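Undergrad: One structure follows; several queries about it will come next.
The values are calculated or read from the model by the stated rules, or taken from the named source; none is laboratory data. No experiment lies behind these values; they were computed from the predicted model shown. When we count neighbours, we look across all protein chains shown, and the Cβ atoms used for this are built from the backbone with ideal geometry, even at glycine.
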Amino acid sequence: MPNQEPALESALKHFFGHDQFRFEQRSIVEQVLKNKDVLVIMPTGGGKSLCYQLPALLRPGTTIVISPLIALMQDQVVALKDNGIEATFLNSTLSFEEVRSRQKDLLMGKIKILYIAPERLFTSSFHDFLKQLSQKVGISTFAIDEAHCVSEWGHDFRPEYRQLFQIKQLYPQIPIIALTATATQRVRTDIVQQLRLNDPTVYISSFNRQNLYYEVIQKSRKPYQQLLAKIQQHQGKEKGAGIIYCLSRKHVDEVSNNLTKDGISALPYHAGLTNTQRENNQTKFIRDDVQIIVATVAFGMGINKPDVRFVIHYDLPRNLESYYQESGRAGRDSEAASCTILFGWGDVHTVRYLIGQKADPGEQRIAQQQLNQIISYAESPICRRQVQLNYFGEQFIPPCNNCDNCLSPVPIEDWTIEAQKFLSCVYRCDQRFGMNHIVDVLRGSNKKRIFELGHDRLTTYSIGKERTADEWRMLCRAMIYQGYLEETTDGYPILRLTRKSNQILKKFVSVKIPVTQKIAQPIASKEKVTSTELNEESVSLMRQLKTLRKELADQQNVPPYVVFSDSSLRQMAQLRPQTADDFSKISGVGSRKLIQYGKIFTQAIRKFCSDHNLEVSTESFSKEPTVVDKGSSKSDISSTHLKTLDLYQNGLSPSDISLTRNIRLSTVNGHIAELISAGYPIDINKLVDRERQTVIKQAIAKVGPHSLRNIREETGETYDYQEIKLVRAKWELEMPSE
């Protein structure tokens with residue numbers, strides 16, 4: 001990139017309205033701009049999309065994004081366009097004419113970001129089109145979203161993703177950025193190998209979603225009443241959106257019908273509905289026409305709704321990784337959100353039955369191991385985060401202070417002697433058996449297999465009769481989470497000692513664990529609020545701003561969060577900005593949104609303050625750099641115009657911009673003229689000498705602004721069309737409306 005490249009923070013604020021990068025975003029963007037391959041493991045809501053979207057706007061050519069999710073690519077395109085960024089998608093929902101039209105725009109260089117499904121990428125027709133695009137416009141980057149789909153060890157393997165290795169064969173010089181929210185070490189290795197990434201930089205953000213509160217509640221005999229009470233608790237002052245997950249279609253229909261009867265707007269989503277029904281219900285949820293969606297696990301992949309305030313699993317999740325994904329659909333805007341499991345052993349029996357229906361014994365074995373892991377999570381008295389993050393190989397030192405076990409901890413006891421017995425038994429069984437077998441040996445079981453193996457003759461046989469099997473299993477899980485034991489994850493859950501095990505056996509450390517008899521009582525919910533609580537006035541203002549946001553979104557036929565996120569509205573409700581300068585400081589307000597929504601939101605805030613005897617600014621929005629809807633309209637300003645503006649605002653002259661962007665000087669001046677017409681703050685005096693401006697303005701006053709040729713004939717041939725365009729744009733902007 002040229003040395004004159006604008007500061008990345010400036011570009012971030014300009015295009016997306018954020019003042020600073022999150023996690024490793026800045027470093028990732030820098031690597032992509034240097035043409036390096038990158039693998040990004042970043043949790044849901046961490047800002048993965050920005051890691052390829054921002055570089056796409058700062059480099060020549062088009063970025064190709066491969067995504068398996070039609071709904072997600074459509075949402076992403078809508079959000080980008082609302083930020084003034086030219087993006088499009090090509091998928092099966094489009095007609096032949098629509099595809100041709102979009103391909104034409106791409107070949108003309110009008111589109112910066114193209115979303116496609118993996119199935120389309122290697123069709124012969126698209127392969128030919130991609131060649132044309134590469135030659136005429138250039139391809140800046142390939143971004144592979146949901147990259148875990150490439151691995152058979154991932155939670156959502158897609159065979160068509162296996163073909164993506166061809167990208168490196170066909171376009172070896174173009175960098176690839178692969179992104180996913182969850183990937184174990186095995187999956188990460190598989191992604192790099194399958195995609196043929198060239199010495200990639202791997203970024204692994206913490207899997208810790210700090211804004212999410214986790215809890216497990218024992219399911220009662222009246223689970224619907226529990227669910228209803230939980231929903232009513234969440235929908236207090238600020239009614240929030242929620243997702244309820246169920247194991248079966250029957251439960252989905254029952255729960256959604258009952259909620260509707262109880263006055264809560266809810267809709268079902270499962271595979272038994274028609275495609276049209278599912279799409280309509282999903283759209284209503286995304287656009288805030290209903291507050292709750294009740295769904296099987298078929299719902300959620302590709303849903304880009306950031307303001308989901310709670311996720312409740314009415315039935316047991318399939319496995320720990322699925323639970324992390326499904327619960328992670330809450331709080332993607334980084335605001336406080338809650339994740340609840342209603343845990344009942346009846347659900348366990350149902351899942352075991354479903355596992356038994358699998359034809360492949362290997363699949364059954366792995367599914368059973370995954371079920372054991374989620375049961376361990378539900379029963380564990382240990383910090384919920386510690387259990388989840390341990391699964392992904394990330395160490396976490398509790399307390400997290402945002403889960404039920406940390407906020408309502410059970411008693412801690414010293415179990416060092418029991419831990420020594422357990423580890424000794426694992427060692428004497430040659431580290432070749434799982435937890436249940438070790439427990440059987442310790443408790444002196446008379447099972448035939450123990451005698452066949454000769455384990456009844458071990459010194460550890462029957463030395464643990466004083467503890468129940470559940471207590472020994474509780475100790476085993478605690479030692480796994482604390483790193484004193486490890487359990488294999490290849491379908492055969494074998495226990496093995498670790499380097500830390502010896503510390504217990506030699507009495508260098510003591511083992512203290514939370515002890516609970518059983519998960520018999522509902523755990524009291526003490527959710528930690530991670531976002532600033534709003535006072536009564538701010539809550540009232542936020543309600544009004546949400547209503548305004550919904551009206552604007554409906555007018556544009558887009559989801560409300562595309563206009564502004566809840567976190568942006570929360571800032572507005574707290575800070576009450578009433579001028580353009582103050583409004584531009586709100587997170588999520590970039591150059592485009594300042595022009596598009598600034599005046600209407602500040603007017604609403606000003607009126608609220610006036611109605612409630614709050615401070616009203618003496619300085620109006622119009623006293624700031626004014627936006628006048630003359631000449632070029634707001635919708636005419638594209639990402640390429642905004643990139644020119646960004647370079648100009650960072651001190652580059654039109655000729656410098658021309659060299660930096662490798663486009664004609666006349667094109668740059670055309671951009672600037674349209675930016676002036678649209679009301680962007682451009683100092684014309686730095687572009688055209690004042691005396692020459694005067695001559696051009698006099699010519700315009702005499703012959704009118706409509707014909708550049710007539711104006712030039714009046715000024716004389718020493719004046720060129722480019723400076724005339726700039727002065728005319730400024731002249732039209734300053735003319736009073738009729």
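Undergrad: Which of (1) touching a Phe, Trp or Tyr at 6+ places or on another chain (Cβ under 6 Å); (2) farther than 17 Å from Ile116 by Cβ does Ile167 not meet, given it meets every other one?
TA: Looking at each condition in turn, Ile167 falls short on (2).
Undergrad: Which members of region 398-416 meet the condition of being hydrophobic (A, V, I, L, M, F, W, C) and either modelled with pLDDT of 95 or more or not in a helix (DSSP H, G or I) (or both)?
TA: Those that are hydrophobic (A, V, I, L, M, F, W, C) and either modelled with pLDDT of 95 or more or not in a helix (DSSP H, G or I) (or both): Cys400, Cys403, Val410, Ile412, Trp415.
Undergrad: Taking Glu466, is it farther than 27 Å from Gln210 by Cβ, charged (D, E, K, R) and at pLDDT below 90?
TA: So Glu466 does not fit the description; no.
Undergrad: Considering each residue of region 1-36, count those that are more than 17 Å from the chain's Cα centre (by Cα), at pLDDT 90 or above and either farther than 30 Å from Glu321 by Cβ or surrounded by 23 or more Cβ atoms within 10 Å (Cβ to Cβ) (or both), and give that number.
TA: Within region 1-36, residues that are more than 17 Å from the chain's Cα centre (by Cα), at pLDDT 90 or above and either farther than 30 Å from Glu321 by Cβ or surrounded by 23 or more Cβ atoms within 10 Å (Cβ to Cβ) (or both) number 5.
Undergrad: Kindly evaluate Leu423 against the criterion of being assigned by TED's automatic domain parsing to the domain that holds Leu316, buried (at least 20 other Cβ atoms within 10 Å of the Cβ) and among the hydrophobic types (A, V, I, L, M, F, W, C).
TA: Judged against the criteria, Leu423 is not a match.
Undergrad: Provide a single number: the residues in region 430-444 that are outside any helix (DSSP H, G or I) and under 49 Å from the mean Cα position of the chain (by Cα).
TA: So the answer is 6.
Undergrad: Restricting attention to region 205-230, report how many residues are more than 30 Å from Ala178 (Cα to Cα), among the hydrophobic types (A, V, I, L, M, F, W, C) and buried (at least 19 other Cβ atoms within 10 Å of the Cβ).
TA: Going through region 205-230 one residue at a time, the tally reaches 3.
Undergrad: Considering only region 465-480, state which residues are of a type in the set (D, E, K, R), more than 14 Å from Cys425 (Cβ to Cβ) and over 41 Å from the mean Cα position of the chain (by Cα).
TA: Once the filter is applied, which keeps residues that are of a type in the set (D, E, K, R), more than 14 Å from Cys425 (Cβ to Cβ) and over 41 Å from the mean Cα position of the chain (by Cα), region 465-480 yields only Glu466.
Undergrad: If you scan region 309-335, which residues turn out to be farther than 25 Å from Cys149 by Cα, more than 15 Å from the chain's Cα centre (by Cα) and not aromatic (Phe, Trp, Tyr)?
TA: Ile312, Asp315 - these are the residues of region 309-335 that are farther than 25 Å from Cys149 by Cα, more than 15 Å from the chain's Cα centre (by Cα) and not aromatic (Phe, Trp, Tyr).
Undergrad: Would you check if there is a residue in region 517-536 being modelled with pLDDT of 75 or more and of a type in the set (D, E, K, R)?
TA: Yes, region 517-536 has at least one match.
Undergrad: Out of the residues in region 111-125 meeting the condition of being of a type in the set (S, T, N, Q) and not in a loop (DSSP other than H, G, I, E, B), tell me which one is surrounded by the most Cβ atoms within 10 Å (Cβ to Cβ).
TA: This residue is Ser125.
Undergrad: Has region 449-467 got any residue that is farther than 30 Å from Tyr324 by Cβ, surrounded by 21 or more Cβ atoms within 10 Å (Cβ to Cβ), hydrophobic (A, V, I, L, M, F, W, C) and not assigned by TED's automatic domain parsing to the domain that holds Leu371?
TA: Scanning region 449-467 turns up no residue that is farther than 30 Å from Tyr324 by Cβ, surrounded by 21 or more Cβ atoms within 10 Å (Cβ to Cβ), hydrophobic (A, V, I, L, M, F, W, C) and not assigned by TED's automatic domain parsing to the domain that holds Leu371.
Undergrad: Out of the residues in region 640-673 that are surrounded by 20 or more Cβ atoms within 10 Å (Cβ to Cβ), within 34 Å of the chain's Cα centre (by Cα) and not hydroxyl-bearing (Ser, Thr, Tyr), which is nearest to Ala56 (Cα to Cα)?
TA: Filtering region 640-673 for residues that are surrounded by 20 or more Cβ atoms within 10 Å (Cβ to Cβ), within 34 Å of the chain's Cα centre (by Cα) and not hydroxyl-bearing (Ser, Thr, Tyr), the one nearest to Ala56 (Cα to Cα) comes out as Lys643.
Undergrad: Another question, then. What are the pairs with Cβ atoms under 6 angstrom where one residue, in region 151-171, is under 15 Å from Ile66 (Cα atoms) and the other, located anywhere, is modelled with pLDDT of 85 or more and among the aromatic types (Phe, Trp, Tyr)? Sequence gap at least six, or different chains.
TA: Filtered contacts from region 151-171: Ile167/Phe142.
Undergrad: Just checking, how many residues over region 76-89 are surrounded by fewer than 22 Cβ atoms within 10 Å (Cβ to Cβ) and out of contact with any helix residue (DSSP H, G or I) (no Cβ under 6 Å at 6 or more places or on another chain)?
TA: Result for region 76-89: 2.
Undergrad: So Lys136 ticks every box in (1) under 23 Å from Leu80 (Cα atoms); (2) charged (D, E, K, R); (3) modelled with pLDDT of 90 or more but one. Which box is left unticked?
TA: (1)
Undergrad: Now for a separate question. Among the residues of region 252-272, what is the count of those that are of a type outside the set (Val, Ile, Thr) and surrounded by fewer than 20 Cβ atoms within 10 Å (Cβ to Cβ)?
TA: Residues flagged as of a type outside the set (Val, Ile, Thr) and surrounded by fewer than 20 Cβ atoms within 10 Å (Cβ to Cβ) within region 252-272 amount to 10.
Undergrad: Looking at region 251-285, which of its residues are among the hydrophobic types (A, V, I, L, M, F, W, C) and in contact with a strand residue (DSSP E or B) (Cβ under 9 Å, 6 or more places away or on another chain)?
TA: Scanning region 251-285 gives Val252, Val255, Leu259, Ile264, Ala266, Leu267, Phe285.
Undergrad: Tell me, yes or no, whether region 374-394 has at least one residue that is at pLDDT below 90, assigned by TED's automatic domain parsing to the domain that holds Ile231, over 25 Å from His251 (Cα atoms) and among the acidic types (Asp, Glu).
TA: Scanning region 374-394 turns up no residue that is at pLDDT below 90, assigned by TED's automatic domain parsing to the domain that holds Ile231, over 25 Å from His251 (Cα atoms) and among the acidic types (Asp, Glu).
Undergrad: Within region 157-171, identify whether any single residue is under 22 Å from Gln194 (Cα atoms), at pLDDT below 90 and assigned to a loop (DSSP other than H, G, I, E, B), and answer yes or no.
TA: Checked region 157-171: at least one residue is under 22 Å from Gln194 (Cα atoms), at pLDDT below 90 and assigned to a loop (DSSP other than H, G, I, E, B).
Undergrad: If I ask for residues that are surrounded by fewer than 24 Cβ atoms within 10 Å (Cβ to Cβ) and either at positive phi or not in a helix (DSSP H, G or I) (or both), which ones from region 383-395 would you list?
TA: Hits for region 383-395 are Phe392, Gly393, Glu394, Gln395.
Undergrad: Also: Please work out if Ser205 is of a type in the set (Gly, Ala, Ser) and in contact with a Gly (Cβ under 6 Å, 6 or more places away or on another chain).
TA: Considered against the rule, which asks whether it is of a type in the set (Gly, Ala, Ser) and in contact with a Gly (Cβ under 6 Å, 6 or more places away or on another chain), Ser205 comes out as yes.
Undergrad: I would also like to ask the following. Keeping to region 228-247, report how many residues are at pLDDT 85 or above and more than 22 Å from Asn402 (Cβ to Cβ).
TA: Qualifying residue count, region 228-247: 3.
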